[in-house]
Amino acid sequence: MRHFLQCGRFGYALEATATAMPLVMGILNVTPDSFSDGGRFQTLEFAISRAEEMVADGADLIDIGGETTRPGAPALPLEDELRRVMPALYALRGLGKALSVDTYKPEVMRQALLAGADMINDVNAFRAPGAVEAVREGDCGLCVMHMQSTPATMQHDPAYADVVAEVIAFLQARVAALEAAGVRRERICVDPGFGFGKSVAHNYALLRATARIERELGLPVLAGLSRKSMIGAVTGRPVERRLAGSLAGALAAVAQGAKIVRVHDVAETVDALKVWQAAQID
Ligand code: 7PM
């Protein structure tokens, strides 16, 4: 399926052909490292060099995240999230690639957009009061992700009667809410939310349903499975040894039509995609 996606300063023609390169979104965590924290400045300096490296490695978008949404993690206060995200956003504006901000807080969305963010990536699908209002005007891209429950409780006992149908229905409802507020479809991509309130079986059922999700939503699909527990569950590997499994997962998603892959390992993902695409027929 062919799509156009507007993300602020950038517009992407996303081709249906298997030989077209999907977009690669590099994950940029601006969370202080608890082991070697030299303070806020060191965190920022490290984030800037990581972003530059990801761009050199072929990233199309940089996803800036100030809060870890790890299962069970406590919520980060608004002021702390702003103190992490905003300096990175200002520092990276001249990088020449789209800047996405991973947040569910409407106030972070507003300030990020004023500072020139090209995309808002909300794991909560713009359900927080004021979130839709924060993003409706302008032309930033929006990633609408499915999550069951909340980060604090989502992995306790995820249950669905039909995970694929329920994720599709949820995404359709959230896209309809955005459209009702005046958001053009060209600004929206959707994401099944691997690991967000899902068992391993649920995650793979959704991965296998990538083409169906794209077809039923009629929107580009973003897939984020880099280093996640669904990779660990199949390979038996700890998080620091999930690169090969993550590459296979990214290729599997793209083979089914995912147009954006959200990854930690940009260089390796771009290489894998290039080789895989050189081998495609169309
Ligand atoms: C700890 C556990 C830290 C899990 C971070 C995470 C996605 C996302 C994240 C995704 C979109 C991670 C996650 N995952 N945004 N943000 N899709 N759109 O593994 O799958 O990066 S945070």
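The values are calculated or read from the model by the stated rules, or taken from the named source; none is laboratory data. Values in this document were obtained by computation on a predicted structure and should not be read as measured data. Note: ideal-geometry Cβ built from the backbone for every residue, glycine included; neighbour counts use all protein chains shown.
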Out of Asp271, Asp282, sole residue that is closer than 25 Å to Asn29 by Cα and surrounded by fewer than 19 Cβ atoms within 10 Å (Cβ to Cβ) | Asp271
What about Ala88, is it buried (at least 21 other Cβ atoms within 10 Å of the Cβ), within 25 Å of Val266 (Cα to Cα) and over 17 Å from the mean Cα position of the chain (by Cα)?
-> yes
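Would you point out which residue out of Arg127, Arg110 is in a helix (DSSP H, G or I) and either closer than 14 Å to Glu179 by Cα or not hydroxyl-bearing (Ser, Thr, Tyr) (or both)?
So the residue among Arg127, Arg110 that is in a helix (DSSP H, G or I) and either closer than 14 Å to Glu179 by Cα or not hydroxyl-bearing (Ser, Thr, Tyr) (or both) is Arg110.
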Has segment 266-276 got at least one residue that is within 14 Å of Pro22 (Cα to Cα) and free of Cβ contacts under 8 Å to residues at least 24 places away in the same chain?
-> yes
In this structure, does Ala88 turn out to be small (Gly, Ala, Ser) and farther than 27 Å from Glu186 by Cα?
-> no
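Does Ala173 meet the test of being in a helix (DSSP H, G or I) and farther than 29 Å from Gln277 by Cβ?
Values: in a helix (DSSP H, G or I): yes; farther than 29 Å from Gln277 by Cβ: yes.
Yes.
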Kindly provide the set of residues from segment 134-158 that are more than 15 Å from the ligand (Cβ to nearest atom) and at pLDDT 95 or above, ordered by number.
-> Ala134, Arg136, Glu137, Gly138, Asp139
Residue among Pro220, Pro192 that is touching a Lys or Arg at 6+ places or on another chain (Cβ under 6 Å) and crowded, with 20+ Cβ neighbours inside 10 Å = Pro220
Qualifying position, being surrounded by 19 or more Cβ atoms within 10 Å (Cβ to Cβ) and small (Gly, Ala, Ser), among Gly65, Gly58 | Gly65
Give segment 52-71 a look and list any residue that's within 16 Å of Leu99 (Cβ to Cβ), modelled with pLDDT under 95 and near the ligand (Cβ under 9 Å from one of its atoms), or say none.
-> none
